[in-house]
Each structure stands twice: as structure tokens, then as C-alpha cells.
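> My structure is below; once you've seen it, I'll send some questions.
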Amino acid sequence: MSDQLDTGVLTIMFTDVEGSTDLTRRLGDEVARRTIEEHKRVIRAKLADHDGREIDSIGDGFMVSFLSTRRAVACAVAIQRALADHAREHPDEEVRVRIGLNVGEVLERGGHPFGAAVNATQRVAGNAKGGQILVSEPVRHLAGTIPEVIFRERGRFQLKGFDERWRLYEVDWQRPKERPPPRRKSEPAARRRRRLLLAGVLVGAIVLALAAFLILRGGPDTLDRVAPHSVGIIDPDSGDIVGQIAVGRTPADIAYGEGALWVANLESGTISEIDPDSREEVATFNAGPKPRRIAAGEGAVWVTNGFDDELTIFDPAQDRVDDQITLPGPKDVAVAFGAAWVANVTDTTVVRIDPDTHDPERIDEGTALALGPNAVWIANGKTLRRFDPETRDAVGRAVTLRSLATRLAVDENGVVWVTHQGDDAVSRVDPTGGASQIEVGDAPTGIAVGEGSVWVANSLGRSLMRIGLESRKVEQTIPLGSSPAGVVVAAGHIWVTTEASG
């Protein structure tokens, strides 16, 4: 209901282009328009990467909310770096954006936050310069330590409409420049010969140690990291990275079905088809703009295009888009029980899509879902409910979770595993309704069950975690070197998408 008021703690971001009027004067109306649109495309791609919810696009700026403060800071850094990369490639189209962040309790009506915390965020952004990220003191404290991010205090500022002065911090997002090695003084020839001889002995010892290490790890085919914009292949027994496949930019999700692996490449606007036997990308297709989630089954590949409010239905037999259905902000999608099931974030509804007629049928309210043995599980905020896939009726009592649900997975025993991205945790909910929570790494996103374990992609931790089905504990952390997003278990391996290295 539009008049209903909700309260909650959110991290708010405001962005604004510095000197947009001068941009038009310098480039002309048409080029300036294209430049601003490109800047918006970059920002929206990074919001999707970090689960930012776009509240409003105000002229050439954005108002965004986040459940996680760390994700908000990481998103701001990713935006500035992406815009800087674009400016290096297109110097005439440089756009300098100022970004402000604040966190606090807000009121929401119809999904639109307002109140003092929101007003303060706009004032923080107003004090930033182009290319700068300013954050309030609460953001600095809640964000904690983030890899490759440095906070620098900038003093106290008087924000319009607030009596007290606010301490603000700048986020130093510039990548450190490599310094040339210092010049060494010349040394006597005899000492130099001794040093070279010692170096040769050390190199020989290192080579022998490396050979022994590779033998113990299973050979030289294992990798120590997964490159950005790739799909990493993990051995479920050892946890070794046994391969990687380059795909499109920002692979946001991955699914298995219809005889192949399918990857939704958010920034490229494509889907990739991967042969699990040859471990190669065999084809790339256009399947609607900004694909966020993907599922395969019932003779089709189902892709949610949340930014364009469309569900794209791709026919893998014909290699073409079969249909596109308009839905209110489709995000999660899964296929089983003779249908596709979609969770929409704009009106928080879950619908069942008939694979023949493509007609949607409303089931319940929710923003995340998963399918398990004889059940459809739907999460709406902190509430988890079970539905009969045939009757579409609710079964049993609702389960109250400790934190907001992000993604769901169900094991063969009907146990539901839920990621809580904002609280760095995973919940285990058994079919009878009993729930417990397990602490995991930074900002867990994707989750999958198979090969005797639960696999959790930690986006900020740049790692994949294995949780034991029986022990209910984190049994292994696998460093990936890049930020993972989606994960699936198929063909005897774990497949995980990686978006970026930092």
C-alpha cells in the first residue's frame, strides 16, 4: 500500500555529475547527451554488481540504497574506477562524478526512503568534488576494513539543515602506482660472484620445492586464482581451481540445464553457452539488456532483465529469443515442476510462468526463491514460506529469519540454505521450520548445494566457501582472487562466475 510507512536502517548514496552544463557547452548537445547516457550505463552496471537499489535518477545523478554499508562503499569505488577507465579510452568524454554516502534509520513509503538520514546524504554529496567520494563518520565505522580502500579524514563540515558539524572522510579509490625499484650502489666483483652463486643455489632449492608442491596439489594444471569476467572450475574434493573460461563482462549468474551451462553477462548484455565436457564457451547470444539472473529448463533458458522489467525466454534449440514478458522488476528465477518461477523486486511478488502460454500467475509476495523436493520456497525480507508447487498453497508456518534473505538454495533433504549479504551469514532452515545461522565471509551472494556440501560465493571476500551438510560449519575457504557472484554444481564440478579483481 502506498500510504504504509516502514522504517529501517539503510546506507544511502547520492551521485552527481560535476559541471554538466559545461559539458554541453564543450561537446555540443548530442555528444553531451551520449556521454551522460554512457555514464548512467556504467553506474547502473556497478549498482547491479553490488546490489544497490536505484531509488531515483535525478537529472544526471542517482539516489541509491544499500542493505550493506561495505557494499555501498565498494560500489562507489567501482563507479569511480569504471568512469576513470572509460575516460582513459575516451578522453573527450570524461565525466567527473561526486559521490556522497551516509547510513541511518529511514522512513519508507512505497519503497521510497526519506527522512533526516537521506537529507544528510545529499548534503554530504554536495561537499564532494568531481571524482571524489565523501562518507559520513557512521559509514566509516560500519564499513570497517575493505580490501584496497583507504579512508582519509577531511575534518568537520557544516551541513545545511543540521545544527551539529559532521566529520567527513574521503575514500581514496585511486589504484596505487608502482614505484621504480631503488638504484643500488655498485659492489665489488668478488662479492657479486658470491651473491650470484648463492642465488643459483636458492633458485635450485625453490624449483625443487615448487615441483614437490605441484605434485602434492595434483599437477601444474591447477590455478592459484580465477581471472575477472570468467567462470572458475573447482574440484569439489580438493577445492583446487582446475580451470577457467573467459566469458562476457560482469558475469552475474550461472545455471545448468538443457545440456549446457548458461552465464548471464550483465555488462555485456549477453548470455554465454558453455559445454561442461569440453569446458569451452561454444556460443554467445543477445538475450535482453542487463541480464541479472538465469535458469534453464522446460526447453528454454529464462533470463531476468531487471532494469528493463522484462523476462527474456531464449530457445536453445533455435538459438534465438522466443519471447519477452513484461514483469515488475524481475530478479530471481528458477525452473521446475513444469514451470518457471520469478521473484520481482519492484512490487515484491512471485509469479509462476506457464512454459507453453507464457502467462504469469501470481503466487505470493517475495523477493527471493528456490525450488526443492516437492516445494517452492519464497523469502520476503526476513520471512521464509513453503508452497505446494501443484496447488500453489502455503504449507505449514512461516519461518522468521534473523536477517534479510538474499539468495536461497535447497538440498536433497529439503533443507533450505539462505544467504544474508548484509550480515555476512548463511541460515540453515530444516523442513520442520527450525533455523540456525552460520557466519561466513564478506557479502555472500551466490549459493548452491551439491557434491556433499553447500557452496557460498563471498563477493567482497573474493572467495568460495564450503559448508558441510552434516557439520553445518565452514570447512574450507577457497581464495579466488576475483569477486564471485553466481555458483552452480554440475557435471561433477563447482562452477563460479567472477566479476572483477577488486
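The values are calculated or read from the model by the stated rules, or taken from the named source; none is laboratory data. If you're wondering where the values come from, they're calculated on a predicted model, not measured in any experiment. In this analysis, Cβ positions are derived from the backbone assuming ideal geometry, glycine residues included, and neighbour counts consider all displayed protein chains. All accessible areas refer to the heavy atoms of the entire protein, side chains included, with ligands and DNA or RNA removed. Shrake-Rupley method; radii C 1.70, N 1.55, O 1.52, S 1.80 Å.
> Condition first: among the β-branched types (Val, Ile, Thr) and closer than 23 Å to Asp224 by Cα. Now tell me which residues in the stretch 236-279 satisfy that. Break it down stepwise before answering.
Our first condition is that a residue be among the β-branched types (Val, Ile, Thr); within the stretch 236-279, this holds for 241-242, 245, 247, 250, 254, 263, 270-271, 274.
The answer is Ile241, Val242, Ile245, Val247, Thr250, Ile254, Val263, Ile274.
> So for the stretch 453-462 (the condition being at positive phi and either in a strand (DSSP E or B) or of a type in the set (A, V, I, L, M) (or both)), does at least one residue qualify? Let's see the steps before the verdict.
Filtering the stretch 453-462 for residues at positive phi gives 462.
Within this subset, residues satisfying the condition of being either in a strand (DSSP E or B) or of a type in the set (A, V, I, L, M) (or both) are none.
The answer is no, given that none of the residues of the stretch 453-462 is at positive phi and either in a strand (DSSP E or B) or of a type in the set (A, V, I, L, M) (or both).
> Would you check if Ser20 is modelled with pLDDT under 85 and surrounded by fewer than 14 Cβ atoms within 10 Å (Cβ to Cβ)? First the steps, then the outcome.
Values: modelled with pLDDT under 85: yes; surrounded by fewer than 14 Cβ atoms within 10 Å (Cβ to Cβ): no.
Judged against the criteria, Ser20 is not a match.
> In the stretch 274-294, which residues are over 16 Å from Ile494 (Cα atoms) and touching a residue at least 40 places away in the same chain (Cβ under 8 Å)?
Lys290, Arg292, Arg293, Ile294
> Something else about it: If a residue has to be open to solvent by less than 30 Å² (accessible area, probe 1.4 Å) and in a strand (DSSP E or B) to count, how many in the stretch 56-73 make the cut?
6
Residues are listed down the side, and each one gets a yes or a no for (1) touching a strand residue (DSSP E or B) at 6+ places or on another chain (Cβ under 9 Å); (2) without any contact (Cβ under 8 Å) to a residue 24 or more places away in the chain; (3) within 17 Å of Trp262 (Cβ to Cβ):
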position: Asp319; (1), (2), (3): yes, no, yes
position: Thr326; (1), (2), (3): yes, yes, no
position: Gly329; (1), (2), (3): yes, yes, no
position: Ala336; (1), (2), (3): yes, no, yes
position: Ala339; (1), (2), (3): yes, no, no
position: Asn344; (1), (2), (3): yes, yes, no
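> Applying the selection to the stretch 156-188, what residues are assigned to a loop (DSSP other than H, G, I, E, B) and either of a type in the set (A, V, I, L, M) or at pLDDT 55 or above (or both)? Full working, then the answer.
Kept after step one, since they are assigned to a loop (DSSP other than H, G, I, E, B), are these residues of the stretch 156-188: 159-164, 173-188.
The answer is Leu159, Lys160, Gly161, Phe162, Asp163, Glu164, Trp173, Gln174, Arg175.
> Determine which member of the set Val77, Val106, Val124 is within 25 Å of Thr7 (Cα to Cα), of a type outside the set (Ser, Thr, Tyr) and part of a helix (DSSP H, G or I). Spell out the reasoning first.
Details: Val77 fails: within 25 Å of Thr7 (Cα to Cα); Val106 fails: part of a helix (DSSP H, G or I).
Checking each option against the conditions leaves just Val124.
> Something else: When the stretch 234-286 is examined, which residues are found to be buried (at least 24 other Cβ atoms within 10 Å of the Cβ), on the phi < 0 side of the Ramachandran plot and either acidic (Asp, Glu) or not in a strand (DSSP E or B) (or both)?
Listed by number, the residues that qualify are Val247, Asp253, Leu266.
> I'd like the full set of residues that are assigned to a strand (DSSP E or B), closer than 23 Å to Glu451 by Cα and of a type in the set (A, V, I, L, M), limited to the stretch 387-440.
Leu408, Ala409, Val410, Val416, Val418, Ala425, Val426, Val429, Ala435, Ile438
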